[in-house]
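K.L.:
Can you read through this structure? Questions will come right after.
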C-alpha cells in the first residue's frame, strides 16, 4: 500500500468522481430537445431495416445481412396480410408474422 486509506464502504468514490462528463450521444449531429425529441425520429441508418412483430409489437432495427439470414432460414411471404413475412422475430425469438420497414 502506498499510504492510502482503504475505504471498505466505497463512500469516497461517490464524492471524488469528476463533476463534468461528456453528454450521452448516439451519433454526432444536432440534438433533439424538448418537444422535438418527443415527436421526431432519428434519421435512418444506412444498411438497416426495421422489423415489427405482430405478436410482441416490438420494432427492432437490424442489418440487411441479419434480415437476409432470417429470410433464408425458413420464412414465408403472404402478400395480402398486414404483416407479410413469417420469420423469427429478433425481439421475442419466436416465429411470428412480421412487417419489414425499408424507409422507417
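Per-residue answers, yes or no, for (1) at pLDDT 85 or above; (2) assigned to a helix (DSSP H, G or I):
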{"residue": "21", "(1), (2)": "no, no"}
{"residue": "25", "(1), (2)": "no, no"}
{"residue": "56", "(1), (2)": "yes, no"}
{"residue": "61", "(1), (2)": "yes, no"}
{"residue": "65", "(1), (2)": "yes, yes"}
{"residue": "71", "(1), (2)": "yes, yes"}
{"residue": "82", "(1), (2)": "yes, no"}
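K.L.:
Moving to a separate point now. Looking at (1) exposed (fewer than 13 other Cβ atoms within 10 Å of the Cβ); (2) farther than 22 Å from residue 45 by Cβ, can you tell me which one residue 86 breaks?
P.N.:
With (1) exposed (fewer than 13 other Cβ atoms within 10 Å of the Cβ); (2) farther than 22 Å from residue 45 by Cβ applied to residue 86, the lone miss is (1).
K.L.:
Can you find a residue in the stretch 32-47 that is touching a helix residue (DSSP H, G or I) at 6+ places or on another chain (Cβ under 8 Å), surrounded by 10 or more Cβ atoms within 10 Å (Cβ to Cβ) and either modelled with pLDDT of 65 or more or part of a loop (DSSP other than H, G, I, E, B) (or both)? If you could, list the steps in order and put the result at the bottom.
P.N.:
Looking only at the stretch 32-47, we keep the residues that are touching a helix residue (DSSP H, G or I) at 6+ places or on another chain (Cβ under 8 Å), and these are 47.
Then keep just the ones that are surrounded by 10 or more Cβ atoms within 10 Å (Cβ to Cβ); that gives none.
No: the stretch 32-47 contains no residue that is touching a helix residue (DSSP H, G or I) at 6+ places or on another chain (Cβ under 8 Å), surrounded by 10 or more Cβ atoms within 10 Å (Cβ to Cβ) and either modelled with pLDDT of 65 or more or part of a loop (DSSP other than H, G, I, E, B) (or both).
The values are calculated or read from the model by the stated rules, or taken from the named source; none is laboratory data. Worth saying up front: this structure is predicted, and the values here are computed from it rather than measured. Note that we place each Cβ from the backbone using ideal geometry, even for glycine, and neighbour counts take in every protein chain shown.
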